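*Asks:* Let me give you the structure first, and then I'll get to my questions.
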Amino acid sequence: MLLIILNSMESWRFLDTGVKRAHENIALDDSLLKARSESEAKNTFRLLRYSPPAALVGFHQSIELEIRESFCRENNIDINRRITGGGAILFDESQIGWEIIASRNLEFIPKKVDALYEMISKVGIIALKNFGIKACFRPRNDIEVNGRKISGTGGTLEGDAFLFQGTLLVDFDAETMLKALRIPTEKLKDKEIDSIKDRVTCLKWELGYTPEYDEIKEALLDGFTKVFKVRVEEGELTEREKNLYRKAVREFSSEEWIYTTRRNPENRFNIYSAKKAEGGLIRLNLVVDIKSMKIHFAIISGDFFAFPKRTIFDLEARLKDHTLEIKQIEETINKFFDEYNPDIPGIEAKDFVDVFSKATEKLSLLENGFTLEDVNRIYTVAGSYDKINNAEVLLLPYCSKAKECDLRYKNDCRKCGKCSVGKAYEMAEKLNLEPITIVNYEHLEETLSSLKKKGYNAFYGSCCESFYIKHYNDFERIGLKGILVDIENTTCYDLDRVKEAHKGKFKEQTELNLKLLEKLLSKKSKE
Ligand code: SF4
């Protein structure tokens with residue numbers, strides 16, 4: 001059936017592939033893109049939906065780090081990996097995806113990825129306008145309504161073809177999303193620390209009712225034809241696409257696709273580090289061969305987009321069996337960027353060097369008598385371990401104090417023995433360190449800035465890894481050198497309670513890692 005005819009002679013195919021399971025939708029993505037890159041299919045505009053709901057990681061992400069697998073399995077939520085980059089999403093039955101699979105050689109297709117995001121986003125913006133909703137593009141790849149995200153976009157390339165996709169939130173189940181995904185709270189750094197509901201919206205909330213699927217479909221088609229100015233005809237899969245799809249369905253439902261490509265090799269020593277760069281969070285799992293002091297394998301993951309898609313794998317391959325010398329790693333990364341010229345929006349070679357530098361720095365801890373396990377539980381700011389000495393203070397988080405203690409939100413402790421903070425106060429005083437309870441994030445900023453102003457050398461302290469990653473740039477900006485020890489048990493970040501914690505209102509109790517803290521303090525006091 002001919003749906004829409006515009007002036008252009010260019011004819012595109014329209015596919016509404018209906019409701020599918022995660023592996024089927026992803027297999028179709030891959031098959032359509034491959035066939036287009038082989039010129040075995042026309043340029044295509046596709047609409048898609050998922051059922052059951054699917055928790056999908058971006059191509060470069062790790063399932064283990066991003067998805068709460070047991071919750072998903074118990075609640076019939078498919079788990080899979082997209083062929084596109086970006087962050088983890090929960091694609092439930094109420095969302096509608098639109099995709100453009102086309103040749104990159106078309107005159108009106110922007111060559112730069114950022115410009116392509118903007119163009120694809122206009123499809124959603126016009127569709128929303130048809131419902132009377134004023135939406136706009138939010139760089140790098142979102143569509144927002146009054147500051148609240150209603151749609152995200154992402155894409156990938158294959159040869160001369162591209163696949164770019166957008167999702168439209170028709171209704172939104174914030175609770176299920178929070179439970180299914182390990183929300184990377186580090187991301188909140190770029191946005192307000194507020195509830196998910198304050199940062200996201202959907203058609204139902206904007207309109208007060210849920211439009212019928214056919215209405216939304218027409219609105220998206222209208223958006224597409226207005227932006228691309230082409231003729232659209234409803235079509236079917238080509239024979240080549242059907243053949244590719246038959247094989248792809250098996251591949252994209254396999255454990256190998258979903259897990260193994262990013263799963264850590266076993267029996268090696270792993271050092272972890274991370275950096276929140278402008279274009280997303282970069283996580284590094286450096287698998288180190290201790291005997292030869294070489295990188296056995298580096299696994300780089302995160303919610304960024306990389307074009308071409310294989311960039312990260314090629315960078316990892318370049319660093320396999322590489323020396324751990326950071327200068328040489330830096331040279332290799334810079335050379336890789338010069339030769340490869342990848343397009344990773346918001347991320348530069350330096351960001352990868354930084355994340356490797358943080359990991360290799362940790363090796364000096366081994367020489368200082370820490371165990372392999374300790375190494376991943378000690379973090380430094382504004383300097384390396386060896387250069388951070390003679391700290392005068394020990395900063396302790398209020399959340400480790402007993403829940404019923406009247407001093408929980410105060411900078412004091414009677415050392416009554418009812419929580420790990422009391423022991424840490426005793427430890428600090430024995431070593432002539434001033435213990436300070438940090439009662440909220442602003443207090444931390446003020447304390448560090450004032451210590452720096454007063455000419456203090458450094459601080460020791462304790463916080464969880466998520467807090468450290470999230471505020472790493474703040475620590476560096478303030479510039480007071482410090483060594484931090486990871487917290488022992490569940491933190492506000494794992495419980496999605498970051499907002500309360502930030503304001504000093506986190507109600508749960510965490511546990512200081514007293515053994516490691518004591519080890520650090522006693523070693524440093526002897527230096
Ligand atoms: S040790 Fe200190 S912080 Fe902990 S319960 Fe006792 S007085 Fe409160």
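The values are calculated or read from the model by the stated rules, or taken from the named source; none is laboratory data. Values in this document were obtained by computation on a predicted structure and should not be read as measured data. Here the Cβ positions follow ideal geometry from the backbone for every residue, glycine too, while neighbour counts run over all protein chains shown. Note: accessible area is taken over every heavy atom of the protein model, side chains too, but ligands, DNA and RNA are not part of it. Shrake-Rupley method; radii C 1.70, N 1.55, O 1.52, S 1.80 Å.
*Asks:* Report, in whole Å, the centroid distance computed from the Cα atoms of segment 76-107 and segment 399-447.
*Replies:* Taking the Cα centre of each part, segment 76-107 and segment 399-447 sit 47 Å apart.
*Asks:* Right, here's the next one. Spelling out what I want: for every residue of segment 415-428, take phi, set θ = phi - 60°, compute 6.51 cos²θ - 1.76 cosθ + 1.60 (Karplus), and round to whole Hz; glycine and proline get x.
*Replies:* Listing the rounded values in order: 6, 6, x, 8, 8, 5, 5, x, 5, 5, 4, 4, 4, 4 Hz.
*Asks:* While we're looking at this one, here's another question. How many percent of the accessible area of the chain is carbon or sulfur, using a 1.4 Å probe? Intermediate values should be presented prior to the final figure.
*Replies:* Working: 10870 of 23040 Å².
In the chain, the share of accessible area belonging to carbon and sulfur is 47 percent.
*Asks:* With +1 assigned to the C-beta of every Lys and Arg and -1 to the C-beta of every Asp and Glu, and no other charges, what is the dipole magnitude of segment 287-422 about the Cα centre in debye, to the nearest 20? Walk me through the numbers before you get to the answer.
*Replies:* Values: 20 positive and 23 negative charges, 160 e Å.
Roughly 760 debye for segment 287-422.
*Asks:* Please state the charge dipole magnitude for the chain, taken about the Cα centre, from unit charges on C-beta atoms (+1 on K and R, -1 on D and E), reported in debye and rounded to the nearest 20. Could you put the intermediate results ahead of the total?
*Replies:* Details: 83 positive and 87 negative charges, 218 e Å.
So the dipole magnitude of the chain works out to roughly 1040 debye.
*Asks:* Using a basic spin-label model with each label point 7 Å from the Cα along Cα→Cβ, how many nm lie between residue 292 and residue 104?
*Replies:* If labels sit at residue 292 and residue 104, their model points lie 3.4 nm apart.
*Asks:* Determine, at each q value in 0.20 (inverse angstroms), the log₁₀ of I(q)/I(0) that the Debye formula gives when each Cα of segment 202-355 is one equal point scatterer.
*Replies:* -1.21
*Asks:* State the answer as a single residue: which of 106, 48, 79 lies farthest towards the positive end of the charge dipole of segment 1-115, with beta carbon charges of +1 for Lys and Arg and -1 for Asp and Glu, about the Cα centre.
*Replies:* Value computed over the given set: 106.
*Asks:* Another question, then. Helix 326-340 sits at what angle to the longest principal axis of the chain, using alpha carbons and giving 0 to 90 degrees rounded to 10?
*Replies:* Approximately 10 degrees, to the nearest ten.
*Asks:* Another question about this same structure. Cα axis of helix 349-361 to longest principal axis of the chain: angle in degrees, 0 to 90, nearest 10?
*Replies:* 40 degrees
*Asks:* Separate question: Name the shape class, rounded, prolate or oblate, that the alpha-carbon gyration tensor gives for segment 57-177, where a ≥ b ≥ c are the square roots of its eigenvalues, rounded holds for a/c under 1.5, and otherwise prolate holds if a/b is larger than b/c and oblate otherwise.
*Replies:* Numbers: a/c = 2.29, a/b = 1.28, b/c = 1.78.
Judged from the Cα gyration tensor, segment 57-177 comes out oblate (a/c at least 1.5, b/c at or above a/b).
*Asks:* I've got another one for you. Excluding same-chain residues fewer than 8 positions from residue 515, which aspartates and glutamates have a Cα within less than 14 Å of its Cα?
*Replies:* Cross-link targets: 373, 374, 426, 486, 488.
*Asks:* I've got another one for you. Any of 430/454; 276/401; 134/217 with alpha carbons more than 21 Å apart? Name them for me.
*Replies:* On the way: 430/454 23 Å; 276/401 29 Å; 134/217 18 Å.
In this structure, 430/454; 276/401 lie more than 21 Å apart at Cα.
*Asks:* Could you list, bin by bin from short to long, the percent of Cα-Cα pairs of the chain in 20 Å steps?
*Replies:* 21, 49, 25, 4, 0
*Asks:* While we're looking at this one, here's another question. Across segment 33-40, in residue order, what do the Karplus-derived ³J(HN,Hα) couplings come to in whole Hz, using 6.51 cos²θ - 1.76 cosθ + 1.60 with θ = phi - 60° and x for Gly and Pro?
*Replies:* Listing the rounded values in order: 5, 4, 4, 5, 5, 8, 6, 9 Hz.
*Asks:* What does DSSP give for the chain in terms of the percent of beta bridges that are antiparallel, rounded to the nearest 5? Before the final figure, lay out each step's value.
*Replies:* Numbers: 57 of 85 bridges.
Restricted to the chain, the bridges split so that about 65 percent are antiparallel.
*Asks:* On a 0 to 90 degree scale, rounded to 10, what angle separates helix 514-526 from the longest Cα axis of the chain?
*Replies:* Here the helix axis deviates by roughly 60 degrees.
*Asks:* Projecting each Cα onto the charge dipole of segment 309-466 (Lys/Arg +1, Asp/Glu -1 at the beta carbon, about the Cα centre), which of 441, 322, 363 comes out farthest on the positive side?
*Replies:* Looking along the dipole axis, the top candidate is 441.
*Asks:* Shape of segment 2-134 from its Cα gyration tensor (a ≥ b ≥ c, root eigenvalues): rounded if a/c is under 1.5, otherwise prolate when a/b > b/c, or oblate?
*Replies:* Values: a/c = 1.82, a/b = 1.63, b/c = 1.12.
Taking the square roots of the gyration eigenvalues as a ≥ b ≥ c, segment 2-134 is prolate.
*Asks:* Further question: Which residue, chosen from 341, 375, 413, occupies the Cα position most advanced towards the positive end of the dipole of segment 329-429, where the dipole is computed from +1 (Lys, Arg) and -1 (Asp, Glu) charges on Cβ about the Cα centre?
*Replies:* 413
*Asks:* A further question follows. Work out from phi, with θ = phi - 60° and the Karplus expression 6.51 cos²θ - 1.76 cosθ + 1.60, the ³J(HN,Hα) of each residue of segment 446-463, listed in order in whole Hz, and give x for Gly and Pro.
*Replies:* 4, 4, 5, 5, 5, 4, 4, 4, 6, x, 5, 6, 6, 9, 10, x, 9, 7
*Asks:* Next question. Of the cross-linked pairs 415/452; 20/229; 452/523; 122/149; 129/275; 226/247, which ones have a Cα-Cα span greater than 26 Å in the structure shown? Don't skip to the end; give the middle numbers.
*Replies:* On the way: 415/452 28 Å; 20/229 29 Å; 452/523 23 Å; 122/149 14 Å; 129/275 37 Å; 226/247 35 Å.
With Cα atoms farther than 26 Å apart: 415/452; 20/229; 129/275; 226/247.
*Asks:* Further, regarding this structure: Per the Cauchy relation, a quarter of the hull surface: what is the mean projected area of the convex hull of the alpha carbons in segment 198-264, in nm²?
*Replies:* On the way: hull surface 36.4 nm².
Averaged projected area of segment 198-264's Cα convex hull equals 9.1 nm².
*Asks:* Also, quick follow-up: Only sites in a loop by DSSP and with at most 16 other Cβ atoms within 10 Å count here; which chymotrypsin sites (Phe, Trp or Tyr not before Pro) in segment 286-373 make the cut?
*Replies:* Details: sites: 297, 304, 305, 313, 336, 337, 340, 352, 356, 370; in loops: 304, 305, 370.
The qualifying sites: there are none.
*Asks:* How long, wide and thick is segment 348-447, going by the Cα atoms along their three principal axes, in whole angstroms, largest first?
*Replies:* That gives 48, 31, 24 Å along the principal axes, largest extent first.
*Asks:* Just want to confirm a number: the relative contact order over the chain, from Cα pairs under 8 angstrom separated by 6+ residues, in percent. If you can, show how the numbers build up before the last one.
*Replies:* Working: 999 pairs, mean separation 72.6, N = 527.
About 14 percent, as a whole number.
*Asks:* Mind giving me the nanometre distance, one decimal, between the label points for residue 341 and residue 130, set 7 Å out from Cα along Cα→Cβ?
*Replies:* 3.9 nm
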